[in-house]
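To start, the structure under review is shown below, and the notes come after it.
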Amino acid sequence: VMAGLKPVRPLWVADRYGPSGSEDRLAGHQITIRHRQRGPLRVLTPMHGRFQADNLEVALEVLAEARPDLFANNWPGSVAEALAHCTNPARMEVLPLGADDGDGEPGLIIDAGHSPAGIAAAVSGVATLLDGRPARLLLAMSADKSVDAMLDRLAPAFDDVVVSALPGGVPAAL
């Protein structure tokens with residue numbers, strides 16, 4: 001494949017991995033991926049959302065291409081340990097509030113999705129994590145955003161919705 005005047009070698013991650021498994025809970029997201037040559041990798045990560053298994057496969061292939069020695073010498077042990085400590089702040093991030101009484105209730109789930117696709121992923125992820133428990137949405141939006149479009153996607157997934165404005169004014173729809 002050529003891009004401009006340079007040859008580009010496409011890498012199809014799906015060719016290197018078999019089916020993945022995922023169980024997303026408030027306590028963590030258990031992901032199992034299967035590299036066709038290296039075998040399975042199981043990791044418990046604080047990163048939530050059904051897209052994380054795909055993201056993990058892409059990240060691993062970047063590592064394999066950039067540092068094949070690290071990839072080969074550390075599969076699966078050190079790779080899984082490193083991934084267990086990765087975070088993605090404000091993307092399906094679960095923050096405890098107050099003392100943990102062991103009931104598995106989240107204190108706060110933060111997601112900074114700002115596009116229709118990001119909002120759809122957040123709604124799906126919150127539904128999975130809360131498993132039918134009641135939820136309140138606190139939504140802050142800039143004046144230049146389409147609050148109606150966002151609320152159309154978000155409001156049905158929550159029991160209560162509170163909308164606030166960021167500096168710059170209240171969105172016109174409010």
Query - Förster-model FRET efficiency, 41 Å R0, A3 and D148, C-beta, rounded to 0.05 - result: 0.55
**Report entry** H114/N73 FRET efficiency (R0 41 Å; Cβ-Cβ; nearest 0.05)
**Finding:** 0.55
**Report entry** Extreme residue, positive dipole direction of the chain, given options P10, I119, A143 (C-beta unit charges)
**Finding:** P10
Report task. Over all alpha-carbon pairs in the chain, figure out the percentage whose distance exceeds 21 Å. Result -> 58 percent
Query - Per residue solvent-accessible surface (Å²) - region 1-108, probe of 1.4 Å - result: 65 Å²
Report task. Calculate the all-directions average of the projected area of region 38-85's alpha-carbon convex hull, and give it in nm². Result -> 3.2 nm²
Query raised in the report: When the accessible area of the chain is split by element with a 1.4 Å probe, what percent falls to carbon and sulfur?
Result: 56 percent
Query raised in the report: Residue by residue through region 152-161, which ³J(HN,Hα) values in whole Hz follow from phi under the Karplus form 6.51 cos²θ - 1.76 cosθ + 1.60 (θ = phi - 60°), with glycine and proline marked x?
Result: 4, 7, 8, 3, x, 8, 10, 7, 8, 10
Requested in this report: Would you mind calculating the relative contact order of the chain from Cα pairs under 8 angstrom and at least 6 residues apart, reporting the percent as a whole number?
Outcome: 15 percent
Report task. Beta carbons within 10 angstrom, averaged per residue: use that to sort the peptides 2-9, 47-54, highest first. Result -> 47-54, 2-9
Report summary line: Net charge near M150 (other residues with Cβ under 13 Å of its Cβ; Lys, Arg +1; Asp, Glu -1) is -2
Report task. Could you work out how far apart the two model spin labels at A59 and E23 are, taking each label as a point 7 Å from the Cα in the direction of the beta carbon, and quote it in nm? Result -> 2.1 nm
Query - Residues in region 47-78 that a label on H85 would reach, taking backbone N under 13 Å of a point 7 Å out along Cα→Cβ - result: 78
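The values are calculated or read from the model by the stated rules, or taken from the named source; none is laboratory data. Keep in mind that what you see is a predicted model, and the values were worked out from it rather than measured. Note that we place each Cβ from the backbone using ideal geometry, even for glycine, and neighbour counts take in every protein chain shown. Surface accessibility is based on the protein's heavy atoms, side chains included, excluding ligands, DNA and RNA. Shrake-Rupley method; radii C 1.70, N 1.55, O 1.52, S 1.80 Å.
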